[in-house]
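Asker: To start, I am sharing the structure in question, which I have written as structure tokens.
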Amino acid sequence: MLNVYLSTEESNGPWGLNSLLSYQSDSATVHYRSDFPLRRIQQAGRQIQSQGAQAVRLVGDGWNYERQWAFYCGFAATITAVEIQWASIDEDELELLNARRHCSDWLRKTVNATPEEMSPEKLAHEATSFLKKIGGDNIHAQQIVGDELLADGWVGIYNVGRGSVRPPVMLEVDYNPTGDPEAPVSACLVGKGITFDSGGYSLKPSAGMVAMKCDMGGAATVTAALGYAIEQGLRQRVKLILCCAENLVSGNAYKLGDVLSYKNGVTVEIVNTDAEGRLVLADGLIAASATGAPLIIDAATLTGAAMVAVGSDYNAIFGLDKPLLQQAQQLSDLVNEPAWPLPLEKWHQEYCPSPYADTANSRVQKGGGMGGASNAAAFLSRFVDTENSRWIHFDLAACFRDGGDSRWAAGATGLGLANIAGLLL
């Protein structure tokens with residue numbers, strides 16, 4: 001096991017004055033500066049792991065909660081199990097580190113699973129099992145599967161998923177620690193669970209499809225966020241709705257030009273079958289509004305436009321409630337999961353018109369045209385009771401890396417987990 005120390009002094013000897021790391025016989029020292037210290041510490045964790053270390057012990061002074069978590073984010077590997085012993089800190093912070101690692105590890109493992117492993121029903125099962133291990137008897141779950149979705153009017157999830165032989169699923173999890181079945185729901189989480197996205201008849205190119213196992217990252221993120229909030233002592237009733245489907249091409253797949261009629265009366269013309277995430281989330285947001293929850297949070301790997309706007313280090317956030325947006329951004333800074341608000345107003349709803357329905361699900365332009373992320377968020381807003389619920393949408397631009405970089409291993413990052421959990425507490 002490699003001992004890892006922290007130092008604000010520059011490295012010396014054969015490592016050079018600007019080296020991030022120096023090594024001794026049984027230890028390494030991270031040399032970080034005052035500019036962006038957490039990024040540099042995360043880079044050090046990534047370098048140590050990429051050099052073959054699989055077990056480390058953080059020792060010495062300077063290892064506060066934030067620095068230890070930053071190191072772990074870099075040290076965590078894509079498929080290899082790693083071992084880390086935290087440095088001595090306050091007992092409450094140690095429990096927080098262990099809880100955050102537990103939920104983040106589950107999220108990463110789930111998102112990184114192959115599309116064959118993670119079918120819609122398997123995702124629903126894994127999410128339920130994970131939460132029951134944390135919440136015990138306070139967790140109750142039910143699934144609506146396949147043709148049952150159509151019978152119940154959940155047309156978005158049903159139509160997106162009907163092209164696959166593996167049926168689509170709506171999962172509803174009720175976390176109710178009060179013991180009162182009539183207790184009000186304080187918040188509702190909604191997650192996009194597209195376990196593989198081919199684009200449907202608006203077929204993605206191979207290069208754009210290879211990482212589409214990550215398209216259920218929103219579902220995994222809100223599930224892990226609820227688990228993390230429970231581990232931190234959440235005592236309010238919260239519901240979780242996962243909208244799970246495979247978006248595939250077949251003789252039974254939904255088509256361009258179809259019109260979907262949602263339970264809230266909104267009709268939607270399909271002009272892009274690759275804009276499927278908003279179609280399944282619409283069902284989830286209708287269901288969330290029906291709970292009467294004063295807070296609704298949805299998360300999705302929804303648009304490439306968000307990644308163009310904020311890059312891969314930030315999640316994009318949207319909402320009509322500006323104080324809630326500000327709260328989410330402040331929390332993102334506190335937990336070192338950067339998020340940035342992008343424009344959203346009611347009039348954005350008019351930017352995807354249709355002569356055949358109340359709205360189209362996109363525009364017939366590459367990437368949905370200019371302002372595509374805002375237009376997608378505006379589409380979602382049609383399905384939220386914003387008069388009675390505060391609502392925020394996370395477009396998870398930072399939740400996945402196609403390949404490893406200087407700070408992250410390839411695959412899921414977990415960014416957004418602690419931010420969403422913080423909004424529940």
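Asker: Mind computing the radius of gyration and Dmax over the alpha-carbon atoms of the range 324-425? Å is fine for both.
Answerer: Values for the range 324-425 (Cα only, Rg and Dmax): 16.1, 48 Å.
Asker: Something else about it: Among the listed pairs Lys192/Lys366; Lys122/Lys255; Lys133/Lys239; Lys263/Lys366, which are separated by more than 20 Å between their Cα atoms?
Answerer: In this structure, Lys192/Lys366; Lys122/Lys255; Lys263/Lys366 lie more than 20 Å apart at Cα.
Asker: A further question follows. State the percent of C-alpha pairs, over all pairs in the range 258-387, separated by a distance greater than 25 angstrom.
Answerer: Counting every Cα pair in the range 258-387, those more than 25 Å apart make up 23 percent.
Asker: Here is a follow-up. Enter the Cα centre distance for the pair the range 352-425 and the range 204-244, rounded to the nearest angstrom.
Answerer: Centre-to-centre distance over Cα atoms comes out at 13 Å.
Asker: What order do you get for 212-222, 184-194 when each peptide is scored by the mean count of other beta carbon atoms within 10 Å, highest first?
Answerer: 212-222, 184-194
Asker: Determine the share of the chain's accessible area contributed by carbon and sulfur atoms, expressed in whole percent, with a 1.4 angstrom probe.
Answerer: Reported share for carbon and sulfur atoms: 50 percent.
Asker: Normalising by the residue count of the range 250-336, find the relative contact order in percent from Cα pairs under 8 Å and 6+ residues apart.
Answerer: So the answer I get is 15 percent.
Asker: Take peptides 278-290, 244-256, 39-51 and line them up by average Cβ neighbours within 10 Å, highest first, as a rough protection proxy.
Answerer: So the order, starting with the most tightly packed, is 278-290, 39-51, 244-256.
Asker: Which whole-number percent gives the relative contact order of the chain, counting Cα pairs below 8 Å spaced six or more residues apart?
Answerer: It rounds to 17 percent for the chain.
Asker: For the range 135-221, state the average projected area of the convex hull of the C-alpha atoms over all orientations, rounded to one decimal in nm².
Answerer: Spelled out: convex hull of the Cα atoms, projected over all directions, averaged, 7.4 nm².
Asker: Next up: About the Cα centre of the range 216-279, what is the dipole size in debye to 20, counting +1 per Lys and Arg Cβ and -1 per Asp and Glu Cβ, all else neutral?
Answerer: Here the size comes out at about 400 debye.
Asker: Taking every Cα atom in the range 42-167, find the radius of gyration and the maximum pairwise distance Dmax, and write them in Å.
Answerer: Gyration radius and largest Cα-Cα distance of the range 42-167: 19.6, 61 Å.
Asker: Then there's this: So what's the convex hull volume per residue for the Cα atoms of the range 180-334, in Å³?
Answerer: Convex hull volume per residue, Cα atoms: 145 Å³.
The values are calculated or read from the model by the stated rules, or taken from the named source; none is laboratory data. Note that the coordinates shown come from a computational prediction; the quantities given were computed from them, not determined experimentally. Positions of Cβ are generated from backbone atoms using ideal geometry, with glycine treated the same way; all protein chains shown enter the neighbour counts. Side chains are part of the model used for accessible areas, which takes the heavy atoms of the whole protein and leaves out ligands, DNA and RNA. Shrake-Rupley method; radii C 1.70, N 1.55, O 1.52, S 1.80 Å.
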